[in-house]
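What follows is a short report on a single structure.
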Amino acid sequence: MGAIDLPKSPNVFHPEKPSAVGSRNSLAQEYRDQQNEVNQLLEEETNKVIHHLSTKLPKDVLERLDVMGGLKEKLYNYFNQNYQNMFNRYMVTTEDEMVKKIRNYIDKEETKVLSRYTPKEVADLLDQVGGADKFNTGEIEKSMVNMYGHLQGHIQRGVNDLENITNSLLRQKTDTGAFIRGENAYSIVKCAFKDNLQKPKTVTDVKLSVNILDSELISPIYHYQVTVEYLIKELISKHITDLIDQEIEKIKDERIDQGLEEFSDSEIIFNKINKVENYTDDKGDDPKSKRYSIIAKALFERITDLRAEIDPASFDQQNVRENIKKIVDIENIRTRGFNTAINSITSILDTSKMGYQYIENLKNARELLIREYEETDPVYLPDERYQVRMRYYDNAQLIEERKAYDVQVKSFETEVLHLWDVLEVIYQDKKRLFSVNDFEDLAKKNKDRIRKTLKDKSGEPLYEDIAKVWDEISFVRAAETEVERMNRTYIYEKDRIRQRLILIRNRLKEMYEYQYPIERRVMEDRLNFLEREYYRFEYTINPYHIQPGLLLDVDITSIKRKKATLDAMANVLNEFLHGVSKGFQDAAFASFSRRRSTVREDINQSFSDLAVEGPSGTGSAGQAYLDILNADSPELAEPEPAAPALEAPKKSVKAGVVDAKPPKRGEDKKPAGRRGRGGGTVKEL
């Protein structure tokens with residue numbers, strides 16, 4: 001019988017159909033009647049025993065035994081039970097042995113298949129000949145892991161491509177969500193889509209900036225010129241924090257074992273703060289202080305102001321400071337983090353078919369610049385291209401960047417106001433005398449009449465005498481607080497500059513219409529320059545919005561209907577962030593564990609010995625349940641009112657949902673009534 005003749009698949013369940021799940025018949029028996037065979041065997045054995053009894057026992061004893069009635073039935077059942085026990089044991093043993101044989105056979109066959117990638121049989125032979133200490137298969141296993149790792153990476157990139165294409169089809173547009181999704185979306189500082197200046201209809205320019213904070217980096221990044229003393233103190237600080245965390249974990253476990261309430265989030269923080277003084281202190285001048293319990297004060301004095309390089313004139317290999325620096329350098333503490341980020345971004349670009357012709361690694365400045373093409377002039381560049389700039393900022397650098405940003409915003413405002421003043425002077429000169437050119441002229445012409453006919457009668461001041469607060473360009477700005485002064489967004493200032501640029505262009509059109517004198521051409525050239533530089537400046541990142549850490553700045557130019565570079569760069573960014581950043585961790589969610597007040601003691605659906613008020617007084621929950629079952633009517637099982645100390649939290653049942661509020665800390669959490677299957681307290685019937 002071939003495999004095609006096996007009609008019963010593993011999805012068929014039946015006790016009699018051959019080879020079905022749960023069947024007692026198998027196609028391997030070629031349709032033998034197993035039940036008849038068993039019956040025949042049991043019948044024969046029973047008859048043999050009865051025949052033996054009938055020949056050996058006296059006649060009067062046989063009559064009392066009722067051989068043909070009850071005895072035969074008892075013997076039959078006895079044989080049937082023992083036969084089934086023996087048969088079941090035999091089947092279990094046979095199945096176990098068969099499973100072992102099949103498992104070993106499958107392992108051997110899989111080894112043969114894997115031998116095309118890894119010479120596993122040769123490795124087994126060498127291991128049997130020489131032993132584990134003679135022949136090591138570690139390199140072969142590493143190569144196997146690398147192969148599967150690369151395969152998984154290719155599969156993941158393919159899935160990401162499919163996901164991006166599907167999302168773009170569903171959106172019917174390209175937006176920020178196409179780049180970074182999920183747990184890394186918070187890291188976006190700025191993402192802007194705008195039409196390309198040369199080809200606005202077909203090409204789009206994208207600016208994406210991602211900020212990975214110091215606390216979120218998997219491998220910390222340090223500047224090249226940071227001192228050895230700073231690095232060692234950073235390691236000691238991390239070591240102290242780890243020790244405090246371990247101590248807090250022990251305390252939490254002890255509280256749980258004692259049945260006490262778990263620490264709240266604020267209590268954990270306070271306990272950590274209180275234990276800091278157990279490991280360090282502020283006595284920097286005392287050699288016996290706790291801060292020098294890990295590394296002595298004398299060693300710190302040797303490495304004061306020791307940086308990445310030592311003057312060759314004073315270098316001595318046997319000095320203490322040189323050997324301490326060597327230990328730190330061997331561990332690559334100074335360069336580990338930034339080199340890891342560079343290796344990650346370059347390898348992901350290579351494997352994602354996002355090659356690049358230009359790379360500049362400013363190692364000492366902690367900056368990396370990657371361009372797809374060496375050319376920088378957009379006129380000669382293709383419409384699909386990208387540029388990546390990755391830089392590490394510390395707090396001191398950000399302070400200087402913010403100062404430069406302040407000056408640049410003020411400079412733009414000065415230049416635009418200067419152009420505005422030049423245009424205003426020319427506009428006033430071009431006005432025709434004794435004629436109304438604008439609302440200002442009309443107001444001046446009727447000023448005296450307004451004063452005589454309206455203001456003198458009402459006593460109100462003239463318009464010209466009222467202090468003018470609104471400049472008709474932007475609304476009145478609210479007073480700044482310390483928050484705005486420390487974190488300037490410059491939205492108000494940028495909006496004023498943008499509005500003035502628009503007003504200047506409109507004024508030029510109104511003044512000259514279709515005439516192009518030298519004054520108009522000069523002012524329009526200046527206006528175009530300021531507009532171009534202003535929009536380029538606004539395209540950059542405001543350093544007030546950046547925090548110390550790694551900044552990834554990506555500029556992408558892509559065809560709107562193609563979006564090849566956009567989709568590929570989305571995969572690169574997500575994979576890079578996954579490999580470099582730990583991601584945002586909410587301490588409340590990270591340390592969250594179900595409170596004791598919300599733990600359901602009846603989760604196993606059992607009746608525990610909780611003290612409750614039952615129908616017959618104080619008793620167990622099981623007794624209360626039995627009393628309910630034994631009651632003649634539901635009304636007789638109404639429980640007595642529970643004591644105030646044992647009163648259960650209020651629950652409201654609406655639409656079949658039990659809304660249970662956990663009791664406050666310090667309240668007794670034992671329910672007044674019995675527990676229902678849903679976990680809420682069910683009112684006694």
| note | The residue that is surrounded by the fewest Cβ atoms within 10 Å (Cβ to Cβ), considering only those in segment 265-305 that are acidic (Asp, Glu) and not in a loop (DSSP other than H, G, I, E, B), is 277
| message | Checking residue 117 against (1) surrounded by 11 or more Cβ atoms within 10 Å (Cβ to Cβ); (2) modelled with pLDDT of 65 or more; (3) out of contact with any His (no Cβ under 9 Å at 6 or more places or on another chain): exactly one of these is not met. Which one? | response | (2)
| So residue 234 fits all but one of (1) surrounded by 14 or more Cβ atoms within 10 Å (Cβ to Cβ); (2) touching a residue at least 12 places away in the same chain (Cβ under 8 Å); (3) in contact with a helix residue (DSSP H, G or I) (Cβ under 9 Å, 6 or more places away or on another chain); what number is the exception? | (3)
| query | Does segment 187-232 hold any residues that are in a strand (DSSP E or B), farther than 17 Å from residue 543 by Cβ and of a type in the set (D, E, K, R), and which are they? | reply | 194, 195, 205
| Options 536, 505: the member that is under 27 Å from residue 394 (Cα atoms) and of a type in the set (Lys, Arg) | 536
| request: Return yes when residue 526 is among the basic types (Lys, Arg) and in contact (Cβ under 8 Å) with a residue 60 or more places away in the chain and no when it is not. | output: yes
| request: Restrict the check to segment 423-431 and report whether at least one residue is over 21 Å from residue 498 (Cα atoms), modelled with pLDDT under 90 and not in a helix (DSSP H, G or I). | output: yes
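The rows are residues; the columns are (1) charged (D, E, K, R); (2) in a helix (DSSP H, G or I).
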residue: 342; (1), (2): no, yes
residue: 355; (1), (2): no, no
residue: 368; (1), (2): no, no
residue: 400; (1), (2): yes, yes
residue: 408; (1), (2): no, yes
residue: 415; (1), (2): yes, yes
| When you scan segment 460-509, how many residues do you find that are surrounded by fewer than 12 Cβ atoms within 10 Å (Cβ to Cβ), in contact (Cβ under 8 Å) with a residue 12 or more places away in the chain and either of a type in the set (Lys, Arg) or assigned to a helix (DSSP H, G or I) (or both)? | 2
| said: If residue 95 meets every condition in (1) in a helix (DSSP H, G or I); (2) over 30 Å from residue 38 (Cα atoms); (3) of a type in the set (D, E, K, R); (4) modelled with pLDDT under 75 apart from one, which number is that one? | reply: (2)
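The values are calculated or read from the model by the stated rules, or taken from the named source; none is laboratory data. Please read these numbers as outputs of a predicted model, since none were measured by experiment. Glycine gets a Cβ as well: all are built from the backbone with ideal geometry, and neighbour counts include every protein chain shown.
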